[in-house]
Number of protein chains: 2
Amino acid sequence: MSRAEQREQTRRALLRESRRLFAAEGYGAVGLSQIVNAVGVTKGALYHHFDDKMALFRAVLAQVQDEVGRRVATTADAEPDPWDQFVAGCHAFLTASADPDIQRIMLIDGPAVLGWNEWRAFDEAASARHLTDALTRLIEAGVIARQPIAPLTHLLSGAMNEAALWLATSTDPGALADTKAALTRILESLRT
Amino acid sequence: MSRAEQREQTRRALLRESRRLFAAEGYGAVGLSQIVNAVGVTKGALYHHFDDKMALFRAVLAQVQDEVGRRVATTADAEPDPWDQFVAGCHAFLTASADPDIQRIMLIDGPAVLGWNEWRAFDEAASARHLTDALTRLIEAGVIARQPIAPLTHLLSGAMNEAALWLATSTDPGALADTKAALTRILESLRT
DNA sequence: GCTTTCGCATACCAACGGTATGCGAAAAGG
DNA sequence: CCTTTTCGCATACCGTTGGTATGCGAAAGC
């Protein structure tokens, strides 16, 4: 195996196991020794690839955010109508964020480890950007009333984040449908 | 000074300094030595009053949540009309959560340190309970459409939490007013 | 006034994140 | 080919942290 291949493989393995452990036990509860043991390397390898534990988490978070962003974007893009794109994207986000592993990394530990500012930058780059874009288009098209976009983006983003967290712990089988219905009612209220 | 008084005084001082430091630097970045140095005691005193670092954070969080809950409740109770109570309570929550210190403890570190489940229990006991109560009354009174309350509670709670976090970093002086306006529009949409 | 209680200090430990250095194989150069 | 350099990673080590076990001295009970 070439040196570049070996390097890439080790890096991937570190990211894979870190993600698994961070999701299962949380950032604070996972030691670096746990990670390197699971991968079968030593801390030397870890610090050769990442500056510190926070950088490792950053890489894992970027990966998770990217996945969620992709799912939201592809689902939304499948709809021809801008309004349907918007609603479909919101629903796709709820569905994608249903995974407890994704939640722990993206919604729980993310803000605490990186601080809210940096976490926001990640979220903006991955999924909230689509929300802003959609709202902008809908306002330009006159589908919803002209109004400041940023407050609305954060209200909706927060609503969906918290709803996703709640859904993960809810035992009610109809909870997802009820939440989507309530969210849809709120979204509908934005239409002119 | 009696022994009970001394005990109480030490405990209060520990809570006060912990809250200050947790708010300023975050749970993870604050060491127990920092806290006991700031108070002028030793770790022996700290561990005499609290089981561990997490229990100390729990006590601080309970205090913060209680304060916010009180502010929301008193503001809401000042309004005679149930609908006005509801809107006033939501606005009061936004205002109370504007403090970055409260945010760091209540919204950022809270879920990460305690896990979402335990954090939710705290939030439920302090402020989200008022939201649930208000929504229940409004539905019973026929002011808003009959619908499942839990999903709506979490959507609104999450919207306000995230909006509060955003407001703290926003430089736009009109951001608070814009957010309250957008929130009010969403709330209005719930009316029958 | 004698004993008990208890609030807190002292001294210590294991584990953790992080660093400095060494090694051996793959790549580069001639 | 053989030499030299590169570099991916291992080894060994350090300071700090959360947490514990024990000791002490003053207040509280009898």
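The values are calculated or read from the model by the stated rules, or taken from the named source; none is laboratory data. On a predicted model such as this, the values are computed, not experimentally measured, just so you know. Glycine gets a Cβ as well: all are built from the backbone with ideal geometry, and neighbour counts include every protein chain shown.
So the values come out like this:
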{"read-out": "Residue within the stretch A:153-165 that is touching a helix residue (DSSP H, G or I) at 6+ places or on another chain (Cβ under 8 Å), surrounded by fewer than 19 Cβ atoms within 10 Å (Cβ to Cβ) and among the acidic types (Asp, Glu) present", "value": "no"}
{"read-out": "Matching residues, the stretch A:152-176, being within 7 Å of chain B (Cβ to nearest Cβ) and free of Cβ contacts under 8 Å to residues at least 60 places away in the same chain", "value": "A:Leu152, A:His154, A:Leu155, A:Ser157, A:Gly158, A:Ala159, A:Glu162, A:Trp166, A:Thr169, A:Ala175"}
{"read-out": "So A:Thr42, is it surrounded by fewer than 19 Cβ atoms within 10 Å (Cβ to Cβ) and more than 14 Å from DNA strand D (Cβ to nearest atom)", "value": "no"}
{"read-out": "The stretch A:17-36, subset surrounded by 13 or more Cβ atoms within 10 Å (Cβ to Cβ) and either over 22 Å from the mean Cα position of the chain (by Cα) or within 7 Å of DNA strand C (Cβ to nearest atom) (or both), residue nearest to B:Gly28 (Cα to Cα)", "value": "A:Val30"}
{"read-out": "Qualifying residue in the stretch A:58-72 (condition: touching a Phe, Trp or Tyr at 6+ places or on another chain (Cβ under 9 Å), in the same structural domain as A:Arg104 (by TED's automatic domain parsing) and within 16 Å of DNA strand D (Cβ to nearest atom))", "value": "yes"}
{"read-out": "Residue in the stretch A:124-141 that is at the interface with chain B (Cβ under 10 Å from one of its Cβ atoms), within 26 Å of A:Ser189 (Cβ to Cβ) and not aliphatic (A, V, I, L, M) present", "value": "no"}
{"read-out": "Conditions (1) more than 8 Å from chain A (Cβ to nearest Cβ); (2) β-branched (Val, Ile, Thr); (3) touching a residue at least 12 places away in the same chain (Cβ under 8 Å); number of the one not met by B:Ile186", "value": "(1)"}
